[in-house]
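Inspection log for the structure reproduced underneath, given as structure tokens.
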Amino acid sequence: MVLYLKNIGFQILDQNYLKKLGEIDIVAQKSHKIYFIEVKSSVLQNFNGFIDTNGAESWKISVSSGLDHVSHETDDAIFNPVWNMTNKKKSSFSKIIKIYLADKYGEDIPEFQIDLMSVLLDFYKKIAYISRIENILLERG
């Protein structure tokens, strides 16, 4: 995911920023804006073999904008990795972002946005379906 973001012009500031309340998968910057990126992934349900990490560079990447191609229909079911972004996760993600901003920027908080990246892995076809949902809302108020 980091390589993909770099290829589309992002500078990676932090990865796996971990605190007691939670983790931020990726913190990136593009222009003067900070991006907090939560990555949700899943493997097709009907995959029951072993994961071969050798030859990962031979994988194809299919990118869509939004939710259009995130869900993947299999013989078993339809699943969307975004569904893993539960209300509990949204709440902890919001808290860890506040901690990150205070820790790194103090009171001079930069412009930022929160994105959700979904990755659905098809190990049979060696395709990673990637979708980026921009400006997600974490909590009301």
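Anything over 32 Å Cα to Cα? Flag those among LYS104/LYS126; LYS33/LYS125; LYS6/LYS89, in the order listed.
LYS104/LYS126; LYS33/LYS125
Once the piece of chain linking LEU3 and GLU23 is laid out straight, how much longer is it, given 0.36 nm per residue of separation minus the C-alpha distance between them? If you can, show how the numbers build up before the last one.
Numbers: separation 20, 0.36 × 20 = 7.20 nm, distance 1.97 nm.
Using 0.36 nm per residue and subtracting the Cα-Cα distance, I get 5.2 nm.
Values in this text are rule-based calculations from the coordinates and carry no lab data. Just so you know, these numbers come straight off a predicted model, no measurement behind them.
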